[in-house]
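Scroll down for the structure; my scribbles are underneath it.
The values are calculated or read from the model by the stated rules, or taken from the named source; none is laboratory data. Every value quoted in this text rests on a predicted model; they were computed, and no experiment measured them. FYI the Cβ positions are ideal-geometry reconstructions off the backbone, even for glycines, and counts take in every protein chain you see. Note: accessible area is taken over every heavy atom of the protein model, side chains too, but ligands, DNA and RNA are not part of it. Shrake-Rupley method; radii C 1.70, N 1.55, O 1.52, S 1.80 Å.
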Amino acid sequence: MEWDQELRAGQTYLQSQGTLLYEKTRLLRAYDSIVVPGILQTHDYVVGLYEAVALLYGLPAESDPEDAANARVPRRRLITQPTGRNEYSFVVEYSALTDVIGSPEVMDEQLGFLTYATTLPHVVLGVIPPGVTRTLYPGEGFYIFDDQLVRSSIWSGEIRTDKPDEIAFFVRAFDLLRDQAVYGDPARELIESARAELRNRE
């Protein structure tokens, strides 16, 4: 799927299409090395991302990141208002916590939400510490929806596959990355460390 073609329908339309998939997925596994995984993103963080998308892909002036964010953020209720059916396992690189999206204030709010998410019983959030000896190097982000579908984004588009052997490959990659991450209090310490670093820059 090429972004320059898909985005012709508008960011708002694209973001309104994904909620049903998230609702149907019992176990979502997601890894990201660059940004906070989508369903964990705060409203203003999403606006910051979509402003960058509009700039990168040369979207017309009427493209409204605010509307796109409004279309995307409602799926976050699956995190904040658990259904009892959906579970989440996330792995992020520490660098995804230190790059400022939107503004320092936006990033501070985003990191605060991540700290909250680590306390939820249906969410497992791991952070790969900086300087850790790697058994698997950082790579492009990907999402595994149950064992049915994988989506992985690159600069120019998104790869989607429902082939069992390819899904198994991404599951193996996720497991290797998950084993390098820390969880619970150590993860919260890393998030708060990124937050302190952010505040020291101001």
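Take the conditions (1) open to solvent by less than 50 Å² (accessible area, probe 1.4 Å); (2) at pLDDT below 95; (3) hydrophobic (A, V, I, L, M, F, W, C); Ala117 misses just one of them, which is (2). Considering region 71-99 alone, what residues qualify as being modelled with pLDDT of 95 or more and not polar (S, T, N, Q)? Answer for region 71-99, where residues must be modelled with pLDDT of 95 or more and not polar (S, T, N, Q): Glu87, Tyr88, Phe90, Val91, Val92, Glu93, Tyr94, Ala96, Leu97. Among the residues of region 30-52, those that are in a loop (DSSP other than H, G, I, E, B) and in contact with a helix residue (DSSP H, G or I) (Cβ under 8 Å, 6 or more places away or on another chain) comprise Ser33, Ile34, Val35, Val36, Gln41, Thr42. A count restricted to region 80-94 and to residues that are assigned to a loop (DSSP other than H, G, I, E, B) and among the β-branched types (Val, Ile, Thr) stands at 1. For region 118-126, the count of residues that are within 16 Å of the chain's Cα centre (by Cα) and more than 25 Å from Ala168 (Cβ to Cβ) is nonzero.
Quick check on Arg72: is it free of Cβ contacts under 8 Å to residues at least 60 places away in the same chain, under 13 Å from the mean Cα position of the chain (by Cα), buried (at least 19 other Cβ atoms within 10 Å of the Cβ) and under 17 Å from Gly141 (Cβ atoms)? The answer is yes for Arg72. Within region 75-110, the only residue that satisfies the criterion of being of a type in the set (A, V, I, L, M, F, W, C) and surrounded by fewer than 16 Cβ atoms within 10 Å (Cβ to Cβ) is Val100. Residue pairs whose Cβ atoms lie under 8 Å apart, sitting 6 or more positions apart in sequence or on different chains, and linking a residue in region 148-177 that is β-branched (Val, Ile, Thr) to a partner that is in a helix (DSSP H, G or I) and open to solvent by 20 Å² or more (accessible area, probe 1.4 Å), are Val150/Glu166; Val150/Phe170. When region 135-153 is filtered for residues that are open to solvent by 80 Å² or more (accessible area, probe 1.4 Å) and either touching a strand residue (DSSP E or B) at 6+ places or on another chain (Cβ under 9 Å) or of a type in the set (A, V, I, L, M, F, W, C) (or both), the ones remaining, listed by number, are Glu140, Asp147.
Hey, does region 149-167 have a residue that's at pLDDT 95 or above and basic (Lys, Arg)? Looking through region 149-167, at least one residue is at pLDDT 95 or above and basic (Lys, Arg).
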